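Below you'll find the structure, written out as structure tokens, and then a few comments.
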Amino acid sequence: MDHRKLVGDGVTTVPFTAGEARPVYRAPPGATDCHHHIYDDRFAPDARAALRPAAATVAMYRRLREHLGLSRSVVVQPSTYGTDNACLMDALRQLGDAARGVAVIDEATDDVALRAMDEAGVRGIRFNLARPAGAAADALDVLARRVAPLGWHVQLHAPASRIAAMAAQLESLPVPLVIDHLGRFAQPGAMEDAAWPVLRRLVDGGRAWVKLSGAYHDSADGAPDYADSGALTRAWLAAAPERVVWGTDWPHPAATAGEKPLPDDARLLDLLAAWAPSAEALRRVLVDNPVTLYGFAPISQS
């Protein structure tokens, strides 16, 4: 990998993205990146963290958001910081009302901390079973009940087979469920996977959402078109157009760690525009659905 493309030294206009061109698609006011991370060297990583990317600060992220023509974003606590949400809280303070957050907590997180997070804009808690950080899956029910009075959701990052195995538990959660990165199906053949009908039932039940993010994570077809991920995205758009959101996954920690090729974020946004069945559906994904899920102020279409 050419690491010059990761540090923003002039080779690319924005750090941690492979391309220089802006997207062809022009996003409407209120368009939201519903999944990105912030890494800041002012905050110490968790001693157990295996993934420790280079700094990807709020100032760097603002350059990406302007590059893509987006208005809002959702900062997701990465595995690097475990249950110490100080970097997340700092990012939310910097980004203000244009941002919301998803934290990582465990049983030791007290109500005072939860209220402070809620006031800062946190709207969910994440369980990362693909790259463990924070509480284990056996704490899911307890922690979901803890955040239910706040109106938060549970976000789950796990392989599709693991999500399917947890389906009964997930259906009984007292809060909405948000599934990361298209469901993390192995490709090719996601819709032929035994987990597909199980995840569909979760979503069809009316309380589960899907993030149309990370098209590059599991694609066998790869860049620039990620055709297999495109087929899966179209399937989710058809299944639950009112409960899908999109995100960049910037700064692409799996790519910065050398595990995946670095994607072009402008290309990812243009692909979403191509995969959406209509301009109305695209606006719903980028603007209206984030308002519902994260509590952003509504955007007038006038």
Legend entry - Heavy-atom accessible surface of the stretch 170-260: percent carbon and sulfur, 1.4 Å: 50 percent
Inset, instruction - Note down the accessible area of Met117, probe 1.4 Å, to the nearest 10 Å². - result: 10 Å²
Inset, instruction - May I ask you to rank Val14, Val24 by accessible area, largest first, using a 1.4 Å probe over the protein chains only? - result: Val24, Val14
Legend entry - Gaussian network model of the chain, springs between alpha carbon atoms under 10 Å - residue of Leu268, Leu51, Leu177 with greatest fluctuation: Leu51
Legend entry - Percent of Cα pairs exceeding the 37 Å cut-off, where the set is the chain: 7 percent
Inset, instruction - Might you tell me the accessible area per residue for the chain, computed with a 1.4 Å probe and given in Å²? - result: 40 Å²
Inset, instruction - Please work out how much accessible surface Lys211 shows to a 1.4 Å probe, ignoring ligands, DNA and RNA, in Å² rounded to 10. - result: 0 Å²
Inset, instruction - Figure the gain on full extension for Asp97 and Arg63 (residue separation times 0.36 nm, minus the Cα-Cα span) and round it to one decimal in nm. - result: 10.5 nm
Legend entry - GNM flexibility winner over the chain from Pro78, Pro149, Pro253 (Cα, springs under 10 Å): Pro149
Legend entry - Pairwise centroid distance, computed over Cα atoms, of the stretch 236-276 with the stretch 171-233, Å: 12 Å
Inset, instruction - Counting only DSSP beta bridges with both residues in the chain, tell me the antiparallel percent, nearest 5. - result: 5 percent
Legend entry - Efficiency of FRET from Cβ geometry, Arg48 and Ala239, R₀ 30 Å, rounded to 0.05: 0.25
Inset, instruction - Please state, to two decimals, what the Cα-based radius of gyration of the stretch 234-302 comes to when divided by 2.2 N^0.38 Å (N = residues). - result: 1.27
Inset, instruction - For the stretch 54-109, report the translational diffusion coefficient in µm²/s to the nearest whole number, using Stokes-Einstein at 20 °C, 1.002 mPa s, and a Kirkwood Rh over Cα pairs. - result: 178 µm²/s
Legend entry - Karplus 3J(HN,Hα) series, Hz, for the stretch 129-144 with 6.51 cos²θ - 1.76 cosθ + 1.60 (x for Gly, Pro): 8, 7, 9, x, 7, x, 5, 7, 4, 6, 9, 4, 5, 4, 6, 4
Inset, instruction - Report the label-to-label distance for Gln301 and Ala137 in nanometres (one decimal), using points 7 Å from each Cα along the Cα→Cβ vector. - result: 4.1 nm
Legend entry - Those residues of the stretch 238-261 whose amide nitrogen sits under 15 Å from the label point placed on Asp204, 7 Å along Cα→Cβ: 238-241
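The values are calculated or read from the model by the stated rules, or taken from the named source; none is laboratory data. Everything numeric here is computed off the predicted structure, so don't read it as measured data. Glycine gets a Cβ as well: all are built from the backbone with ideal geometry, and neighbour counts include every protein chain shown. With ligands, DNA and RNA removed, areas are computed over all heavy atoms of the protein, side chains included. Shrake-Rupley method; radii C 1.70, N 1.55, O 1.52, S 1.80 Å.
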